[in-house]
Amino acid sequence: MGLAAADQQALLAAASPPRFVQKGECLIEQGEDVAALMILCNGMTQTVRTLLDGKQQIVAVSVAGDVLNCGGLLFCQARNSIFALTPAICLPLPFSAVEAVTTAHPAIARALWLETAAQAAIQQEWMIWLGRRAAQTRLAHFLCEMTYRLQLSGNGVGDEFEFPLTQRELGDLLGLSSVHVNRTLQILRSQGLIELNHQRLKLRNRAGLYEVAEFDPRYLDGLRLSVCGAT
C-alpha cells in the first residue's frame, strides 16, 4: 500500500511482529480461527478453497503489497487456505487494531478500501474468463494480469519475472486440466508471445499477448492507486 511515512509508522506500530514463511508453508488454514489481516511485504501467495471431495480451486494469487484475509473481518473462521508460492514476509494486523488505526489515519483506511475494491474487480475478471473465455484467452489474460501487478509491486523487471505456479496449480486456477494447460502454453510459445523456463516467465510480445488476452488493465486502477498512494 502506498502510504506516507507517518502512516507507515502507525501501521507498523499497530501490527504484530513480521512472519517469515518458506515456499509451500501454510499461512492460514481453511476453517481455522483468524484474528488478523496480513499485509504481504515480500513474495507471492495463493489462496485455495478445498471442497468436500478434496478438489481444490485457487481463488487468488497475491503479490507484495497485497492484503491477505480481508474476508476475515466478516467471518470468524478462514474460508480459504493461504500458501506461500515463494519465500515470503507477512505483517499481521490484528482485527482489534484495525478500527483504531484506520480512524486515526484515514489514509490507511483509504488504502485498505482501494485494496478491497481492487480485489473485487480482479475476482469479477476471473469469473468472466472462467465462465466465458476460451483456454488460450484465459491463460493469456492471467499472465497479463500478473505481469501488470508484479510491475506495480516492484517485482517485475521489464517483461520478465518469477513465475512459481506449476501447471497443476495453473489448472486449479483456470479450471483446466494440466494437459490442457501444457498444450495452451505451447501454443503461446509457438506464437512467439511468451517464454517460460525454470519458473521464469518472459513476455516476448506484450502487445500480442494483450490482444490474445483481450486484456484491458483499467480494472486494476484501484490497485494502482493503492500501491502508488494517489489521491
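Since every read-out is calculated from the coordinates, none of them should be taken as a lab result. Keep in mind that this is a model prediction, so the values were computed, not measured. All Cβ positions, glycine included, derive from the backbone under ideal geometry; neighbour counts span all protein chains shown.
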So, R0 is 22 Å and r is the distance between the beta-carbons of residue 121 and residue 205; what FRET efficiency does that work out to, to 0.05?
0.30
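Using only the Cα atoms of the chain, build the gyration tensor, take square roots of its eigenvalues as a ≥ b ≥ c, and label the shape rounded, prolate or oblate: rounded if a/c is under 1.5, else prolate if a/b is larger than b/c, else oblate.
Details: a/c = 1.96, a/b = 1.50, b/c = 1.31.
Note, shape of the chain comes out prolate.
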Taking the Cα centre of the stretch 5-98 as the origin, how large is its charge dipole in debye, to the nearest 20, when only Lys and Arg (+1) and Asp and Glu (-1) carry charge on their Cβ atoms?
140
